[in-house]
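**Q** Please read through the structure below; I'll follow up with questions.
The values are calculated or read from the model by the stated rules, or taken from the named source; none is laboratory data. Values in this document were obtained by computation on a predicted structure and should not be read as measured data. Cβ sites come from the backbone with ideal geometry, for glycine too, and all protein chains shown count toward neighbours. To get the accessible areas, we keep the full protein, side chains included, count just its heavy atoms, and leave off ligands, DNA and RNA. Shrake-Rupley method; radii C 1.70, N 1.55, O 1.52, S 1.80 Å.
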Number of protein chains: 2
Amino acid sequence: MEGEGVQSRKMLRALAGERVDPPPVWLMRQAGRYLPEYRALRERARNFLEFCYAPALAAEASLQPLRRFDLDAAILFSDILTVPDALGRRVWFADGEGPRLDPLIAEARWRFDEPVRAVQRLSPVHETVERVRSELAVDRTLIGFAGGPWTVATYMLQGEGGAKDRARRAVYERGDEVGELLAALTETTALHLAAQTKAGADCLQVFESWAEGLPQALFEPLVIAPTRRLVSRLRELGVQAPVIGFPRAATSEQIEAYARETGVDALSLDTAASASSLRARIGSTTPMQGNLDPQLLVVGGTPLEQGVRQVLRDFAGGPHIFNLGHGITPEAKPENVDTLLRLVRER
Amino acid sequence: MEGEGVQSRKMLRALAGERVDPPPVWLMRQAGRYLPEYRALRERARNFLEFCYAPALAAEASLQPLRRFDLDAAILFSDILTVPDALGRRVWFADGEGPRLDPLIAEARWRFDEPVRAVQRLSPVHETVERVRSELAVDRTLIGFAGGPWTVATYMLQGEGGAKDRARRAVYERGDEVGELLAALTETTALHLAAQTKAGADCLQVFESWAEGLPQALFEPLVIAPTRRLVSRLRELGVQAPVIGFPRAATSEQIEAYARETGVDALSLDTAASASSLRARIGSTTPMQGNLDPQLLVVGGTPLEQGVRQVLRDFAGGPHIFNLGHGITPEAKPENVDTLLRLVRER
């Protein structure tokens, strides 16, 4: 990495603990269906996984939002379910529905491929990262990502989205096997993220989208321990890129424990999380990202303006990366993203 | 109410702040599809709302779990969506799916009936309460209930379950109308709950099942203010029965504010909530109910035993009513309810 270029990447400065003012901005799911140019690009692949595995298409999808908006970072266009696919589990995306997998809980013996071989299958994703970095302006940050081990496990266990009750039941009923699954996912995810940084990702985000609804006794073994192992494995592999953890919809106590005990460098907060109270719990040095209500990018106007100002106030106590509390919805209006950027930067 | 009989109702003693040991036990959705006798009874009505409005059937459903298990309380068998139905909005329950309503957000002008007339339509529900109380042993508590105003509003606004994003969007886009809707729901709910206590309900639970996912700035106007108004209106109406609030999946900060600011007498905690940490935040006098993982009534065995003991430890710092963190699932095994009762009481 070119020293001076990297120095100019505002998001990396915030991740290093600097209070950058105005804060760097990127938006979860900034590449997506609310953009007409994304919808046109998407038609060029037969299915969603094929799209994710086509480096030219996925790189273009990653770059589209930065061609249109003055965002501080691009995020790799991919999906957290490429990992189970690479592990040899069937994954498909039915139109207008969520992802589907062959559920492990229906099977007597759980089989999946071994991590090193699985990650080789993800080389098109790593090639996408390389292509994005080569086209991205030197002062923009490139974010790599993967799902948290537990989140990916929930999809593999019960085969679909929605409440993760059957996945949780498997933890009680087949705890040893779930432990092996989490270990395989953690190792595969570490290798996958390491390959992304080697290909040019500046920082990494771990999406623990199903941190929600876990009893206190299960949060440590299912979320904290695998994430701690994931981060320490990344460091063993020589990865120095900062890691942002996103324990979506966990309780405040769980988010605090996650921040303190996993080794992540920064925290992404969901829409309902209280940034000011978590800032008080966790201290003023941990960079925090979030947490505007994505519905405000549909609504616009005065509610958007009030929401942006509220987020800026809520996160003022430490390093902040401006973002949403959840991904952009397909109904979001692109012009509201421009308004958001203006509001964040006009002070 | 007969003084001595009421004194023997353990759940009322816990709600009055007494540390009853072993704690009284009831289970959310204890009358339901996991019981074969419930499934047989349910077949006697053509649809679910008709079942709720048939006092003989609904009273029998309320009493079934107490005929089978030594539970400390019965809860009225009904549904939170009888209130929108009574307000003149069409509600239906498709087999195997969640409830459906004609969504308000599709309509230019929102119309619903006025509260006094709406509550008259709920008289079969009040008759159910009377029947249950007359058959219930004198030492058992009878719980009346309704949905929280915001939760019922989310169903009315977007017409179906799932994430409440469109309901939240309506708050930003049509705030005044949402305010009027919440006011009508609050008044109707107060009258409905008052009628339940007049018919014999000893205490009341307000199910705020969609307290989840609300930004900090919306929790006060959508959940706290309407609940505070609901409780104070109940007191104006002369209702002395204690009120249990269940702000499901709210953040810890939101639950704390709800406990302090709404006037509810007791708090019901969802599966993920940290009872010990909320106990420390809220103090040792507020009765708390919860919060065993309902999946443990499917699984049974050692995980159930460990879960029950964990809940007993977590709630030991104040008055406790043993319950689940969410409703019993249809897959629950009735024999696991017996095991639960034995475990709670064997110490």
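**Q** Classify the range B:160-204 from the C-alpha gyration tensor, please: rounded if a/c falls under 1.5, else prolate or oblate depending on whether a/b exceeds b/c.
**A** Cα axes put the range B:160-204 in the oblate bin.
**Q** Relative to the Cα centre, what is the charge dipole magnitude of the range A:193-312, using +1 at the beta carbon of each Lys and Arg, -1 at the beta carbon of each Asp and Glu, and rounding to the nearest 20 debye?
**A** Using Cβ point charges on Lys, Arg, Asp and Glu, the range A:193-312 gives about 280 debye.
**Q** Ranked by accessible surface with a 1.4 Å probe, highest first, in what order do B:6, B:206 come?
**A** I get B:6, B:206, largest accessible area first.
**Q** Positive end of the charge dipole of chain A (Lys, Arg +1 and Asp, Glu -1 on Cβ, about the Cα centre): tell me which of A:36, A:186, A:232 has its Cα farthest that way.
**A** Sorting the options by dipole projection puts first A:36.
**Q** Taking the rotation that carries A onto B, look along its axis and tell me which residue of A has the beta carbon nearest to it, distance in whole angstrom.
**A** Per the A/B rotation axis, the closest residue of A reads A:252, 2.
**Q** Could you give, in nm with one decimal, how far residue A:44 is from each other copy of that position, shortest first, with labels 7 Å out from Cα toward Cβ?
**A** 6.5
**Q** A further question on this structure: Just tell me how shielded A:268-276 is by partners: mean number of partner chain Cβ atoms within 10 Å of each residue's Cβ, no decimals.
**A** Mean number of neighbouring Cβ atoms from other chains: 4.
**Q** Counting protein heavy atoms only and a 1.4 angstrom probe, how many square angstrom of accessible surface do chains B and A bury in total, to the nearest 100?
**A** 2400
**Q** Among all the aspartates and glutamates, which ones have a C-alpha under 18 Å from residue B:333's C-alpha, if same-chain residues fewer than 8 places away are not counted?
**A** Output for residue B:333: A:165, A:173, B:37, B:70, B:293, B:305.
**Q** If the elastic network links every pair of Cα atoms under 10 Å, which of A:257, A:273, A:217 fluctuates the most in the Gaussian network model of chain A?
**A** Result: A:217 has the largest fluctuation of those listed.
**Q** With a/c under 1.5 counting as rounded, go ahead and sort the protein assembly as shown into rounded, prolate or oblate using the C-alpha gyration tensor (a ≥ b ≥ c being the square roots of the eigenvalues; past the cut-off, prolate if a/b is larger than b/c, else oblate).
**A** prolate
**Q** Just to verify a number: what accessible area does residue A:164 come out at with the full protein assembly present, 1.4 Å probe, Å² rounded to tens?
**A** Looks like 10 Å² after rounding.
**Q** Taking +1 at the Cβ of each Lys and Arg and -1 at the Cβ of each Asp and Glu, which of B:56, B:45, B:20 sits farthest along the dipole of chain B towards its positive end, judged by Cα position relative to the Cα centre?
**A** Farthest along the dipole direction, towards plus: B:20.
**Q** Taking the Cα atoms only, what angle lies between the long axis of helix B:252-261 and the longest principal axis of chain B, rounded to 10 degrees?
**A** Helix B:252-261 and the main axis of chain B meet at about 80 degrees.
**Q** What average count of beta carbons from other chains do you get within 10 Å of the Cβ of residues in B:164-174?
**A** Counting other chains' Cβ atoms within 10 Å and averaging over B:164-174 gives 5.
**Q** Another one. Between copies, how close do the residue B:16 label points come, placed 7 Å along Cα→Cβ, listed in nm from shortest?
**A** 6.6
**Q** I've got another one for you. Rank B:286, B:82, B:329 by mean-square fluctuation in a GNM of chain B with C-alpha springs under 10 angstrom and give only the top-ranked residue.
**A** B:329
**Q** Right, here's the next one. Using DSSP, restrict attention to beta bridges with both residues in the protein assembly as shown and report what percent are antiparallel, rounded to the nearest 5.
**A** The antiparallel fraction comes to roughly 10 percent.
**Q** Here's a follow-up. Hey, for residue B:313 with labels 7 Å out along Cα-Cβ, what do the inter-copy distances come to in nm, ordered shortest first?
**A** Computed spacing set for this position: 4.2 nm.
**Q** Something else now. Other chains near B:303-310: what is the mean number of their Cβ atoms within 10 Å of each residue's Cβ?
**A** That works out to 2 on average.
**Q** Here is a follow-up. With axes computed from alpha carbons, what is the tilt in degrees of helix A:301-314 against the longest principal axis of chain A, rounded to the nearest 10 within 0 to 90?
**A** 80
**Q** Continuing with this model, one more query. Could you work out the relative contact order of chain A? I mean the mean sequence separation of Cα pairs under 8 Å and 6+ apart, divided by the number of residues, in percent.
**A** Relative contact order, chain A: 20 percent.
**Q** Going toward the positive end of the dipole of the protein assembly as shown, with +1 on Lys and Arg Cβ and -1 on Asp and Glu Cβ, which of A:340, B:82, A:259 do you reach last?
**A** The one lying farthest along the dipole's positive direction is A:259.
**Q** Using the crude model of +1 on Lys and Arg Cβ and -1 on Asp and Glu Cβ, and no other charge, please compute the dipole size for chain B relative to its Cα centre, in debye to 20.
**A** Using Cβ point charges on Lys, Arg, Asp and Glu, chain B gives about 140 debye.
**Q** Same structure again: About the Cα centre, and with charges only on the beta carbon of Lys, Arg (+1) and Asp, Glu (-1), how big is the dipole of the range B:1-48? Nearest 20 debye, please.
**A** The dipole magnitude comes to about 400 debye.
**Q** Turning to a different aspect of this structure: Any idea of the accessible area per residue across the range A:120-228, 1.4 Å probe, to the nearest Å²?
**A** Computed with neighbouring chains in place, this is 31 Å² per residue.
**Q** Can you list the residues, at least 5 places off or on another chain, whose amide H is less than 5 Å from the amide H of residue A:292, using H built in the peptide plane?
**A** Under 5 Å from the amide H of residue A:292 lie the amide H atoms of A:323, A:324, A:325, each far enough along the sequence or on another chain.
**Q** When only Cα pairs under 8 Å and 6 or more residues apart are kept, what is the percent relative contact order across the range B:32-180?
**A** About 27 percent, as a whole number.
**Q** Ok, one more. Where the accessible area of chain A is counted over protein heavy atoms with a 1.4 Å probe, how much of it, in %, is carbon and sulfur?
**A** Answer for chain A is 48 percent, counting heavy atoms of protein chains only.
**Q** Can you order the peptides B:245-255, A:102-112 by their average number of other Cβ atoms within 10 Å per residue, highest first?
**A** The packing order, highest mean first, is B:245-255, A:102-112.
**Q** Alpha carbon centre of the range B:279-333 versus the range A:106-126: separation in Å?
**A** Computed from Cα coordinates, the inter-centre distance equals 38 Å.
**Q** Here's a follow-up. Please check: in the Gaussian network model of chain B (C-alpha springs, under 10 Å), which one of B:302, B:197, B:186 has the largest mean-square fluctuation.
**A** The residue that fluctuates most here is B:302.
**Q** Relative to the first principal axis of the alpha-carbon coordinates of chain B, what is the inclination of helix B:123-135, with its axis defined by its Cα atoms, in degrees from 0 to 90 and to the nearest 10?
**A** Roughly 10 degrees between the two axes.
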